[in-house]
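Here is the structure we will look at, set down as structure tokens.
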Amino acid sequence: MLGLVFPHFVQSQALPTGEKQKIEALIKQVAALKDASFVRNGWNYNANNAATFLRLKWQTKVSDVKTALDFIDNVASISGTSGKPYLIRFKDGREILSHDFLLAELKKLDT
């Protein structure tokens, strides 16, 4: 019955615990970027708003996410609205694709 009422809840429960923990860690890494902004569709968002956005988008795309790499590729890299890549802009003006930043963070988690 729960699956009929809350299908996303049931699907997210099927995600392996280790992968879910990695995704949560990646979102926390974004939230920790206090001196950076998350650029989505030309708009700048602070770290907390970016983390909240990624968590909500993950919930809407839960069926597309089986691994942390799926999260990076299918949720945290490109706008579904515009097709533009998400960026992280640091205080010094340097920018990096969120995809590249999150891949580097995932590699750290996997070591």
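Is one or more of the residues making up the range 58-66 part of a loop (DSSP other than H, G, I, E, B), over 24 Å from residue 107 (Cα atoms), more than 11 Å from the chain's Cα centre (by Cα) and not small (Gly, Ala, Ser)? There is no residue in the range 58-66 that is part of a loop (DSSP other than H, G, I, E, B), over 24 Å from residue 107 (Cα atoms), more than 11 Å from the chain's Cα centre (by Cα) and not small (Gly, Ala, Ser).
Could you please find all residues in the range 41-50 being exposed (fewer than 13 other Cβ atoms within 10 Å of the Cβ) and of a type in the set (A, V, I, L, M, F, W, C)?
43
Do you know which of the residues in the range 51-72 that are among the basic types (Lys, Arg) and free of Cβ contacts under 8 Å to residues at least 40 places away in the same chain is surrounded by the most Cβ atoms within 10 Å (Cβ to Cβ)? It comes out as 57. Scoring residue 12 on the criteria (1) in contact with a helix residue (DSSP H, G or I) (Cβ under 7 Å, 6 or more places away or on another chain); (2) at pLDDT 95 or above; (3) open to solvent by less than 60 Å² (accessible area, probe 1.4 Å) leaves a single failure, condition (2).
Pairs linking a residue in the range 73-99 that is at positive phi and open to solvent by less than 70 Å² (accessible area, probe 1.4 Å) to a residue that is of a type in the set (A, V, I, L, M, F, W, C) and in a helix (DSSP H, G or I), with Cβ atoms under 8 Å and 6 or more positions apart or on different chains, do not occur.
The values are calculated or read from the model by the stated rules, or taken from the named source; none is laboratory data. All figures in this text were calculated on a predicted structure; none of them were measured in a lab. As a convention, Cβ positions derive from the backbone with ideal geometry for all residues, glycine included, and neighbour counts pool all protein chains shown. Protein only, heavy atoms only, side chains kept; ligands, DNA and RNA dropped before computing areas. Shrake-Rupley method; radii C 1.70, N 1.55, O 1.52, S 1.80 Å.
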